[in-house]
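The values are calculated or read from the model by the stated rules, or taken from the named source; none is laboratory data. As the structure is a computational prediction, the values presented were derived from the model and not from experiment. All Cβ positions, glycine included, derive from the backbone under ideal geometry; neighbour counts span all protein chains shown.
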């Protein structure tokens, strides 16, 4: 490679090594031939189009296949409305609870040394490694009528399984790692020195948390909340086990979609599915925007899921 | 305000050999600028954090003036603490950073907004950053950040100032400038100041008194002159300034290298082996064949030569077990490696290691 300041790079044109363009300069060592490059990109794009983009398009195509009228009447049907309402209700419970749990766990892990810390870290990851169906079964075994606490719950007339509390519990279990996982690495890299500075300046513990810790992690926290929310609304396996599929009562959107589909109510099934898919897209856009705005900070702490 | 540290002991790990801090007693006189100097791991930062209340001692007490501060929480101690890596609040402007200590006060003691702002601007002036109040820490250089950190610490009207390696993360030039600036600021504001450093130049240049720490103990406390000219222990002599340690023997009230007596006077009569510390400028190369005692002079072989600022340095090996010595060799004196030259020792300090039985 020549020593001149301007050089010709295939596909990139003349590349001037100015600071802002430095990423486009390729060195001979890391540049593959054009054929290999094209085929690699081709494979990746074909795969993504076939397995991700096409299904998404199909969802919206099927949803609107019988016109807008059919679409909206499917969405306004009482059981569907109940399912959407329940899904929103579950999220409204799960997300704030997970923010509190996640913050508490992250705070404990990042800012303190204590015995059993690595065990706690492993425990937080448990929901990722356990099948959601098993998670649901755990709750049935705990709170079901033949379960560990079943008799006591029945005696006090509390319904958990085949009721909304069960759905909320199962969703909390599945979504627990999202918030904690996002903020733990960030808090660890930031350390405690700013908090110590705030304390020496006379701030109370709570004031330090509100004014120093929270602003430092707000983007990562928001990111975790987005992911947590998307998963909470979309969770199927664990919820399916504990909900009992009672239409209009314990059916969430994913469960309702399955029921509609099994009844050959294709348009309705895809209409509800399109709402969920739309939500996923909104999450994705918000995530991308967040990464753009606060890329560095998030990169410090991300294990993507 | 005076700081008094009484019998402070800190043991992080009970299985470790020695405590991090071992019975530390220290008096910082009101208005004084005292440096805690020591190599890394000597416990100096731990001591500073204990005084601030950021760490709890295993035993001992800390007094501010007459008040026993040992039971006080960090917030109640009213210390100004400056961290090595500034620890500025990234999401706040400089003005907000400096005002932080005042804005977090509860309603009863918090000054009105306008007053807080006035104080913040005043402190920005004091640290020579007027007009930069709306900037964020990321937009500043290291030296500027550390000045903001100091202003922030001063804003709460601390009883004492504690600085933890305040210039540790800065380059040499900025360090020197900030050193002078801090000295001036201290003379103007008169805060009792305790600062931690591993840089002896910084400690000797800046401080009224220096406390040298090693392995959790205070080796010596004194003025920079006392520390440099009259090191109390072998450690201090080896740590402060440049010196070579020779293995020598004390007997009959004199020091011997091998069988050659030295003209350096002994402070005590006890015989035994020990180490003689000699600074490079305290040795001269004598005339060949001459000696005041009439005996053949002590000779050493030149090992290597190198330029050191205005003079030249030479490393020489003495005969026998005495060891090697580094000396200032005038550029005019012709020397070649391998050559044997007579040495004359003008000054040195002897520390007895193993008293003879």
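Some notes on this structure:
- Condition met for residue B:8 (touching a helix residue (DSSP H, G or I) at 6+ places or on another chain (Cβ under 7 Å) and at pLDDT 90 or above): yes
- Filter result for the condition that a residue is over 26 Å from the mean Cα position of the chain (by Cα) and at pLDDT 90 or above, over B:203, B:155: B:155
- Residues in region A:203-217 that are more than 9 Å from chain B (Cβ to nearest Cβ) and within 26 Å of residue A:291 (Cβ to Cβ): A:209, A:210, A:213, A:214, A:217.
- The listed residue being closer than 20 Å to residue A:88 by Cβ and touching a residue at least 12 places away in the same chain (Cβ under 8 Å), out of A:283, A:267: A:283
- Residue match in region B:268-284 (condition: out of contact with any strand residue (DSSP E or B) (no Cβ under 6 Å at 6 or more places or on another chain) and surrounded by fewer than 17 Cβ atoms within 10 Å (Cβ to Cβ)): yes
- Scanning region B:249-260 for residues that are surrounded by 14 or more Cβ atoms within 10 Å (Cβ to Cβ) and within 17 Å of residue B:325 (Cβ to Cβ) yields B:249, B:255, B:256, B:257, B:260.
- Inspection of region B:94-102 identifies no residue that is in the same structural domain as residue B:142 (by TED's automatic domain parsing), under 26 Å from residue B:168 (Cβ atoms) and under 27 Å from the mean Cα position of the chain (by Cα).
- Here residue A:21 clears all of (1) in a helix (DSSP H, G or I); (2) modelled with pLDDT of 85 or more except the condition numbered (2).
- Among the residues listed as A:143, A:173, A:206, A:128, the single one being in contact (Cβ under 8 Å) with a residue 12 or more places away in the chain and surrounded by fewer than 16 Cβ atoms within 10 Å (Cβ to Cβ): A:128
- Restricting region B:11-40 to residues that are out of contact with any strand residue (DSSP E or B) (no Cβ under 9 Å at 6 or more places or on another chain) and touching a residue at least 24 places away in the same chain (Cβ under 8 Å), the residue that is nearest to the other protein chains (Cβ to nearest Cβ): B:40
- 2 or more residues over 30 Å from residue B:10 (Cβ atoms): qualifying strands (runs of 3 or more DSSP E) within region B:195-286: B:244-251, B:254-257, B:272-278, B:283-285
- Tally, over region B:138-186, of residues that are in a helix (DSSP H, G or I), surrounded by fewer than 20 Cβ atoms within 10 Å (Cβ to Cβ) and in contact with a strand residue (DSSP E or B) (Cβ under 9 Å, 6 or more places away or on another chain): 1
- Filter pass, residue B:326 being in contact (Cβ under 8 Å) with a residue 60 or more places away in the chain, exposed (fewer than 14 other Cβ atoms within 10 Å of the Cβ) and not in a loop (DSSP other than H, G, I, E, B): no
- The residue that is surrounded by the most Cβ atoms within 10 Å (Cβ to Cβ), among those in region B:96-134 that are within 21 Å of residue B:169 (Cα to Cα) and away from chain A (no Cβ under 13 Å), is B:127.
- Test: residue in region B:6-19 that is surrounded by fewer than 21 Cβ atoms within 10 Å (Cβ to Cβ) and within 20 Å of the chain's Cα centre (by Cα): no
- Residues satisfying the stated conditions in region B:189-199, i.e. in contact with a helix residue (DSSP H, G or I) (Cβ under 9 Å, 6 or more places away or on another chain) and either within 13 Å of residue B:168 (Cβ to Cβ) or at pLDDT 90 or above (or both): B:191, B:193, B:194, B:195, B:196, B:197, B:198, B:199
- All conditions but one from (1) at pLDDT 90 or above; (2) farther than 14 Å from residue A:250 by Cα apply to residue A:90; the one that does not is (2).
- Scope region B:65-95; condition under 20 Å from residue A:203 (Cβ atoms), in contact (Cβ under 8 Å) with a residue 60 or more places away in the chain and either buried (at least 22 other Cβ atoms within 10 Å of the Cβ) or more than 14 Å from chain A (Cβ to nearest Cβ) (or both); matching residues: B:77, B:79, B:80, B:81, B:82, B:83, B:86, B:87, B:88
- Yes/no for residue B:154 being farther than 27 Å from residue B:22 by Cβ and more than 12 Å from every other protein chain (Cβ to nearest Cβ): no
- Residue count for region A:98-120, restricted to those that are within 19 Å of the chain's Cα centre (by Cα) and surrounded by 14 or more Cβ atoms within 10 Å (Cβ to Cβ): 7
- Checked against the criterion of being assigned to a loop (DSSP other than H, G, I, E, B) and within 17 Å of residue A:166 (Cβ to Cβ), region A:254-277 contains not a single residue that satisfies it.
- Criterion violated by residue B:8 - all others in (1) within 30 Å of residue B:238 (Cα to Cα); (2) in a strand (DSSP E or B); (3) within 11 Å of chain A (Cβ to nearest Cβ) satisfied: (3)
- Residues of region A:184-202 that are over 18 Å from residue B:91 (Cβ atoms) and facing another protein chain (nearest Cβ under 7 Å): A:200, A:202.
- Residue B:213 being touching a strand residue (DSSP E or B) at 6+ places or on another chain (Cβ under 7 Å) and crowded, with 18+ Cβ neighbours inside 10 Å: yes
- Scope region B:20-58; condition surrounded by fewer than 15 Cβ atoms within 10 Å (Cβ to Cβ) and not in a loop (DSSP other than H, G, I, E, B); matching residues: B:23, B:25
- Test: residue in region B:169-181 that is away from chain A (no Cβ under 14 Å), at pLDDT below 90 and at positive phi: no
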